[in-house]
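A quick write-up on the structure given underneath.
The values are calculated or read from the model by the stated rules, or taken from the named source; none is laboratory data. Source: prediction; values computed, not measured. Neighbour counts run over all protein chains shown; Cβ positions are idealised from the backbone, glycine included. All accessible areas refer to the heavy atoms of the entire protein, side chains included, with ligands and DNA or RNA removed. Shrake-Rupley method; radii C 1.70, N 1.55, O 1.52, S 1.80 Å.
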Amino acid sequence: MKVMVVGSGGREHAIIKKIKQNPKVTEIYALPGNGGMKDDATLVNIGAKDIPAITEFAVNNNIDFAVVAPDDPLVLGAVDSLTAAGIKCFGPSKAAAIIEGSKAFSKQLMKDYKIPTADFRIFNDAQKALEYLETAPIPTVVKADGLALGKGVIIAETREQAKDAVKSIMNDKIFGDSGNNIVIEEFLTGPEVSVLAFTDGKTVVPMVSSMDHKRALDNDKGLNTGGMGTVAPNPYYTEKTAKECMEKIFIPTINAMNAENRTFKGCLYFGLMLTENGPKVIEYNCRFGDPETQVVLPLLESDLLDIMIAVADERLSEAEVKFSGNSACCVVMASNGYPVKYDTGYEITVDSDFDSNLYFAGAKCENGKLLTSGGRVLGVTAVESTLNKAISKAYESVEKVHFENAFYRKDIGAKALAVLKGEN
Ligand code: AMP
Ligand code: GLY
């Protein structure tokens, strides 16, 4: 089988490495991929948002199965275009990807179908939003409606900050057209859990839970990033909570999307907060999370490609989706200065005794050398029988990866470990 994966980050590298384990696979293409993936996939210089070129490539190269991983091409309709050209795909249609593409849509969906989430108001007029903020409960959360590279959320501790957020998003357009509409919502507190789920619109199968570490610096300080590390499973996510989420959130969401004629097929990401009033949805993503995928897929014992094909064929109920009882920890190694300003072009070397999983994101190949090319350069994932061991092993392995200006958090998994030890 010839498979192609659209995207270029650590998530895509993890997907590619897992798909490669299927003996039926003869060729994997990454569009565009990155230099660090070159031993695992054939790199094709087509951008992830260039839907006509992606479709043409798939047709001309007789691709048997396509996986569209990032949010942008999904929201722009890559799966619709590929499907119309006769290519079988994993990923939601444009109509379903709106669950991530528009926060106004997803918030309204949750309200209409009584899926627990933070209380909210939607505004398309800055003046009205500012008036509302005169009396709104503080702290509050201001969100751009559309995609904003994970940066469109501003937590305002004061009324002034909230008003500034509205002005920057709606008037100054710091997130472009993504800020034409905004959501202002209730500030919730509680542990966060990421749950990725396979769904074909009929069946929903949650994967092992995980915990992201979004802030740049240790102890959750510094700016929000694309994610500095992850652990799985997430110890806050007990069996009782999992059952409650299935009944009150996962199944109702799948049903709601069907009722709206927006059947979701692919990986649906539930960003949850476990509040004192029960689990609530913070956000939906229409795709695998990054870097959640880098800890979830190494724990998947079943064949990823078989599951993805079952989703595409709407027979997920027949597929085996089994996770090992192990734990995983992923430490992201970034360029110093990320997420603001950083230098690139440094050579990446890996000691020969490195024996964890290595997923490249911001890497390029030049004259036979692997060089840094982005903020998040790579992720190191260790899988062990306990979380404690997985964390130690991941950090041991990080010491075996070298590039100038490397930066990583030293406390990935520390909070999860404290929960397991009963300290939280
Ligand atoms: P998002 O981009 O929607 O994942 O939001 C980024 C982060 O902002 C989340 O992971 C939460 O930590 C935080 N956040 C978003 N919405 C809320 C909320 N209503 N209350 C508290 N924190 C929130
Ligand atoms: N890790 C969060 C995301 O993928 O959006």
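Descriptive notes on the structure:
- Pairs, first under 17 Å from Gly278 (Cβ atoms) and of a type in the set (Ser, Thr, Tyr) in the stretch 108-133, second within 14 Å of ligand 1 (Cβ to nearest atom) and open to solvent by less than 60 Å² (accessible area, probe 1.4 Å), C-beta under 7 Å, six or more apart: Thr117/Lys107; Thr117/Met110; Thr117/Lys280; Thr117/Val281
- Only one of Leu74, Leu43 that is touching a helix residue (DSSP H, G or I) at 6+ places or on another chain (Cβ under 9 Å) and open to solvent by less than 10 Å² (accessible area, probe 1.4 Å): Leu74
- Here the condition is being among the polar types (S, T, N, Q) and either within 16 Å of ligand 1 (Cβ to nearest atom) or free of Cβ contacts under 8 Å to residues at least 40 places away in the same chain (or both); of Ser335, Ser327, Ser302, it holds for Ser302 alone.
- Listed by position, the strands (runs of 3 or more DSSP E) inside the stretch 121-230 whose residues that are under 27 Å from Met333 (Cα atoms) and open to solvent by 10 Å² or more (accessible area, probe 1.4 Å) number at least 3 are 153-156, 221-224.
- Annotation: of all residues in the stretch 255-277 being part of a helix (DSSP H, G or I) and open to solvent by 10 Å² or more (accessible area, probe 1.4 Å), the one that is farthest from ligand 2 (Cβ to nearest atom) is Ala259.
- Subset of the stretch 295-320 (residues that are open to solvent by 10 Å² or more (accessible area, probe 1.4 Å) and under 26 Å from Ser8 (Cβ atoms)): Pro298, Asp303, Asp306, Ile309, Ala312
- The residues in the stretch 237-254 that are more than 16 Å from ligand 2 (Cβ to nearest atom) and assigned to a loop (DSSP other than H, G, I, E, B) can be counted, and the count is 1.
- Pick from the stretch 1-32, criterion of a type outside the set (A, V, I, L, M) and open to solvent by less than 10 Å² (accessible area, probe 1.4 Å), ranking: nearest to Glu292 (Cα to Cα): Gly10
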